[in-house]
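Below: one structure, written as structure tokens.
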Amino acid sequence: MSSRLLSDTAVPVVLSLAQLSHAGGRQVNQDSWGSAQQDDLTCIIVSDGVGGEYGGEIASNVVVHSIMEVFVEEASFGPRALQSYVDHAVAQLYRRQAQIPRLKDMSATVATLLIDQKNRCALWAHMGDTRIYQFRRGQLLNYTKDHSLIQQFVDAGHCSPDQLRRHPRRSILCAAAGVEGSGPAEVMQNAIQIQDGDAFLICTDGFWEWISEAEMVRAATQAGSAQDWLTIMHTVVEQNGRASSVPLDNCTAFTIYVGNP
């Protein structure tokens, strides 16, 4: 009873968002992103497409716009609602694959952050290796675990965590929207409480592969806004990328500050 009373009388948090997306060293940017707000709920999505000429671009676009569409129509907060948003996107992607045979192999990662600003809590869901990070007072609190072959190797003790960024087979996914047999998205079942000063990062592998978690934290301590944080991190990504002989991939990132105007 007391927790319900506190939730009902809490002052809604204010969110500040910043975003970037570019093709990197590729000819086409197959990443998509989007955000929508309904009343005191905010939904933010990032998707990384895979599959043939324009196929990945279409897949990620279908995923993002399908989630935003159903969120705007049925805005609700909870694991069941979030699961339904992603399930709807996956179903729409399968439908598009069936309609256009040359796109039958397209797929996309997805990472979705759902924030209840009034009740000061958040949930997320993901498939693939697009990540969501949560920071608080200069500390990394939580982040999603990739659905990838190399993550499985790390979990089994066959690879070190450093290999997630450098292993030649790091891009092989075990789950993605549009891949038959992937199963449902991984959805957080218990909402986390958020505080003023919390920060979230949602990013594709073309971003996080070139910046360590320690560098993310360092950038967060130097930044005064979501845009500052994103700018500092992107500078690190570009510097680390240029120092490598590996061609840069599509790069997309969203930063969210809680409590900053």
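The values are calculated or read from the model by the stated rules, or taken from the named source; none is laboratory data. It should be emphasised that the depicted structure is a prediction, and the values quoted were computed from it without experimental measurement. No Cβ is skipped: glycine too gets one built from the backbone with ideal geometry, and neighbour counts run over all protein chains shown. For accessibility, only protein heavy atoms count, side chains too; no ligands or nucleic acids. Shrake-Rupley method; radii C 1.70, N 1.55, O 1.52, S 1.80 Å.
Some values worked out for this structure:
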quantity: Boolean, residue 46 is open to solvent by less than 30 Å² (accessible area, probe 1.4 Å), β-branched (Val, Ile, Thr) and touching a Cys at 6+ places or on another chain (Cβ under 8 Å); calculated: yes
quantity: Pick from region 130-168, criterion of a type in the set (D, E, K, R) and open to solvent by less than 50 Å² (accessible area, probe 1.4 Å), ranking: farthest from residue 199 (Cα to Cα); calculated: 165
quantity: Criterion: free of Cβ contacts under 8 Å to residues at least 24 places away in the same chain and of a type in the set (Gly, Ala, Ser) - qualifying residue of 243, 226; calculated: 243
quantity: Answer from 187, 236 - the residue that is in contact with a helix residue (DSSP H, G or I) (Cβ under 7 Å, 6 or more places away or on another chain) and surrounded by fewer than 20 Cβ atoms within 10 Å (Cβ to Cβ); calculated: 236
quantity: Flag if residue 84 is open to solvent by 20 Å² or more (accessible area, probe 1.4 Å), within 22 Å of residue 145 (Cα to Cα) and among the small types (Gly, Ala, Ser); calculated: yes
quantity: Exclusive hit being aliphatic (A, V, I, L, M) and modelled with pLDDT under 95, set 64, 72, 50, 90; calculated: 50
quantity: Candidate set: region 27-43, residues that are open to solvent by 30 Å² or more (accessible area, probe 1.4 Å) and in contact with a Cys (Cβ under 9 Å, 6 or more places away or on another chain); chosen: the one farthest from residue 88 (Cα to Cα); calculated: 29
quantity: Residue within region 13-26 that is modelled with pLDDT under 95, assigned to a strand (DSSP E or B) and open to solvent by 30 Å² or more (accessible area, probe 1.4 Å) present; calculated: yes
quantity: In region 190-211, the residues that are surrounded by fewer than 17 Cβ atoms within 10 Å (Cβ to Cβ) and among the acidic types (Asp, Glu); calculated: 196
quantity: Residue count for region 32-63, restricted to those that are among the hydrophobic types (A, V, I, L, M, F, W, C) and over 21 Å from residue 101 (Cα atoms); calculated: 7
quantity: Qualifying positions in region 221-246 - hydrophobic (A, V, I, L, M, F, W, C) and either assigned to a helix (DSSP H, G or I) or on the phi > 0 side of the Ramachandran plot (or both); calculated: 226, 229, 230, 232, 233, 236, 237
quantity: Pairs with Cβ under 6 Å, 6+ apart, first in region 203-214 and under 20 Å from residue 17 (Cβ atoms), second charged (D, E, K, R) and crowded, with 24+ Cβ neighbours inside 10 Å; calculated: 204/31; 204/48
